[in-house]
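Asks: Please read through the structure below; I'll follow up with questions.
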Amino acid sequence: MSSEDSSSTTSSAKKISAGILLSRLTGLLRESLLRSVLGLGPAADAFAAALRIPNLLQNLLGEGSLSSSFIPVYSRLISEGKEEEAGKVAGAIAGLLIAFTGGLTLIGIFMAKPIAKILTPGFTSEKLDLTADLIKITTCGIGFLVLAAWCLGVLNSHRKFFLSYVAPVIWNVAQVIVLIIAISNNWEPTKAAKAAAWGLLVGGAAQLLLQFSGVLKLRNKIRISFDAKNSHVKEIVKRFNPAVIGRGVVQISAYFDLLLASLLATGAVAALISAQVLYILPVSLFALSLAAAELPEMSRNIDNANLLRRLDQGIKKVSFLMLITSVIYISLGDQIIGILFQWGSFSRDDTILVAATLAVYSLGLPAIGCTRILQTALYARGDTKTPAIAASMRVAIALFLGLLLMFPLDRLYISDGSLNSESGGLFSDWGPLSQGI
């Protein structure tokens, strides 16, 4: 990889990181206000559980799966000068996503109560009813979130990185406005939770509109179709299916985390979500930004020597940054949680619980960072099966440890299982990749 290529990738990664940072900062503000209004009580658990549905489908169909399958094919078409064909492929994928997410939204609305029972069997009837009401609202935004991921794929392929990653700021701001209104009017937690769900829906629509305006500037003739017979669309679907399975396995793990947490003391679910807000921050800023910048470039040129150089530089960068973050979270996690969340209904005991959960999560940051870089190289080579297999191994380890440790460690079992599973998954990704190159 030339110094010019390295500089270009670094510049792209910085743009992505800047967008993610702005998004995460507003996300932290949203989470802080949410904790102030809901604390770690029943309404907080219900809201966290209801968010699992859009998060699940966004992860299954959205950025992770779509980027790994769509961007390599679309980027290759652009690099070959096949702009018209690239436009047809983008329109067909958008049409298929609209049709599929529309059906899922209807299911979520009319099957909210059964879904809530499956998600959180340990909830009381009152908490279960609130969860079902929130699911009806949040599932309406599924299509917005998935199509926003489609916009991200198009924009990233054209090396327009900043817009896609700063757009979620609007999603967060919509909820922040609602939560400020809730605090100003002293709304009780149940009413505030429902209002926040509506804010989520409006924010998702606004985010999609912003990103789609960027897509139209690049491709002013996007023609939505349902052409599943196009050879390039077939190739994307072929890659998409293993990617969805891999993401699905991870989401199954998240479901079991939620299920087991719902059987523990009140606040376990909300504590998990609060710790994950900070845990995901360095993953997004460092690992995902570098991986996102590399994917279009690796897809355009998958020469083995070039790929190895990119991998070497990427792994060194992300390992260094993740190790520093781990040390900060472990040594200063209590103070960080206290500053961000310990006000309103969020108590000192809540701070201690979330900080302990975050500390255990942090031990796995270097492994998860390296895994993201390795997965990007596999996706660029058209291999979405190996990451799916590695994900299955990580989930199996996490579930086994979760069942083994949930009662001895109580609410810390989830983060401990995640730590060990990510370390195992790192080697699962590297083995097949090293053999392939």
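Asks: For segment 27-133, what's the relative contact order in percent, using C-alpha pairs closer than 8 Å and at least 6 residues apart?
Replies: Values: 36 pairs, mean separation 38.8, N = 107.
Over segment 27-133, the number comes to 36 percent.
Asks: Another one. Going by amide H atoms built from the backbone, whose H comes under 5 Å of the H on Lys82, apart from near neighbours?
Replies: The list, which skips near neighbours in sequence, is empty: none.
Asks: If R₀ is 60 angstrom, what is the calculated FRET efficiency for the pair Arg300 and Asn186, using the beta carbon separation as r and rounding to 0.05?
Replies: On the way: r = 55 Å, r/R0 = 0.92.
In this case the efficiency is close to 0.60.
Asks: Right, another one. Once you place label points 7 Å from the Cα toward the Cβ at Phe400 and Ile324, how far apart are they in nm?
Replies: Going by the 7 Å Cα→Cβ label model, 3.6 nm.
Asks: Additional query: Where does each of Ile352, Ile118 land when they are ranked from fewest to most other beta-carbon atoms within 10 angstrom? If you can, show how the numbers build up before the last one.
Replies: Details: Ile352 15, Ile118 11.
Ascending Cβ contact count within 10 Å gives the list Ile118, Ile352.
Asks: Follow-up. Testing the spin-label approximation: label points 7 Å from Cα along Cα→Cβ at Lys316 and Ile339. State their distance in nm.
Replies: 3.2
Asks: Among 213-223, 373-383, 333-343, how do they line up by average Cβ neighbours within 10 Å per residue, starting with the highest? Mind showing how you got there, number by number?
Replies: Numbers: 213-223: 13.5, 373-383: 22.8, 333-343: 18.5.
So the peptides 213-223, 373-383, 333-343, ranked by packing, come out 373-383, 333-343, 213-223.
Every read-out reported here was derived from the displayed coordinates using simple, explicitly stated rules and does not represent laboratory data. Bear in mind that the values here come from a model prediction, so they are computed numbers and not experimental data. Every residue, glycine as well, gets a Cβ built from its backbone with ideal geometry; the counts of neighbours run over all protein chains shown.
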